[in-house]
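Accompanying notes for the structure given below.
The values are calculated or read from the model by the stated rules, or taken from the named source; none is laboratory data. What you see is a predicted model, and the numbers here were worked out from it, not measured in a lab. Note that we place each Cβ from the backbone using ideal geometry, even for glycine, and neighbour counts take in every protein chain shown. In case anyone asks, the SASA skips ligands and DNA or RNA and just uses the protein heavy atoms, side chains included. Shrake-Rupley method; radii C 1.70, N 1.55, O 1.52, S 1.80 Å.
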Amino acid sequence: MGTGLGNKIFKIGDAVNRLSMTLVALCILVAVGAIVWMGYKMKDNSLDIGINDKIEQTPTVVSQIREIGQWEFLSITDEELIDTVRTGFFSDDELVRIYYGMLRIGIDFSQCDEKWIERDGDSIKIDLPPVQLLDENFLDEARTKSFFESGKWSNADRKAMADRAKAVMRKRCLTDANMKQAQQIAEQQIKMFVGNVLVSAP
């Protein structure tokens, strides 16, 4: 009797296994059929994905840089002692004044023409203009002091001394080394501002 019961259990197990295999096979067929059907339905609805890494905002970049106007890259403060002597019949008159100034070196982008910036493939190419003194009125007249003064001096005399002070400051501050440093800073700042840019310095 024990043997008959074992045979029945074995047969039931076989049936369950066959049923499971049949269900698995059926699911596989359904999945394959669904894939084939989807492929058929979508064969005329292709989707192409491409990457366009070209820079299209060149006019925007030009506009933004032009709106900056003057871009200062280096400023130098200077102090100069200027004196002048006027010989008189009985005595000499002397005027000694201390002048202060700040010379700002940079680029005035409003003066650039349309050809200085253009797109070059996936980059922006900039022919960077040379740096220059941005403001000729760099003397701080409010801080000018008379160190020593004897005799009478006209406004024309004082203006002549101020012009001398400016000439001395230009010579002392606008050196090749300072201009080169300002140009290098300009290249670095422009690259940071624009991004993917090829800068050609003068």
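Name the strands (runs of 3 or more DSSP E) wholly within the range 53-164 that hold at least 2 residues that are modelled with pLDDT under 90 and open to solvent by 30 Å² or more (accessible area, probe 1.4 Å)?
Where strands (runs of 3 or more DSSP E) fall fully within the range 53-164 and carry at least 2 residues being modelled with pLDDT under 90 and open to solvent by 30 Å² or more (accessible area, probe 1.4 Å), they are 70-86, 117-120, 123-127, 145-149.
The residue pairs whose first member lies in the range 96-108 and is among the basic types (Lys, Arg), whose second member is part of a strand (DSSP E or B), and whose beta carbons are closer than 6 Å, counting only pairs six or more residues apart or on different chains, are 97/82; 97/146; 104/72; 104/75.
Can you tell me which residue among 179, 169 is within 22 Å of residue 192 (Cβ to Cβ) and open to solvent by less than 70 Å² (accessible area, probe 1.4 Å)?
Details: 169 fails: within 22 Å of residue 192 (Cβ to Cβ).
Answer to the check: 179.
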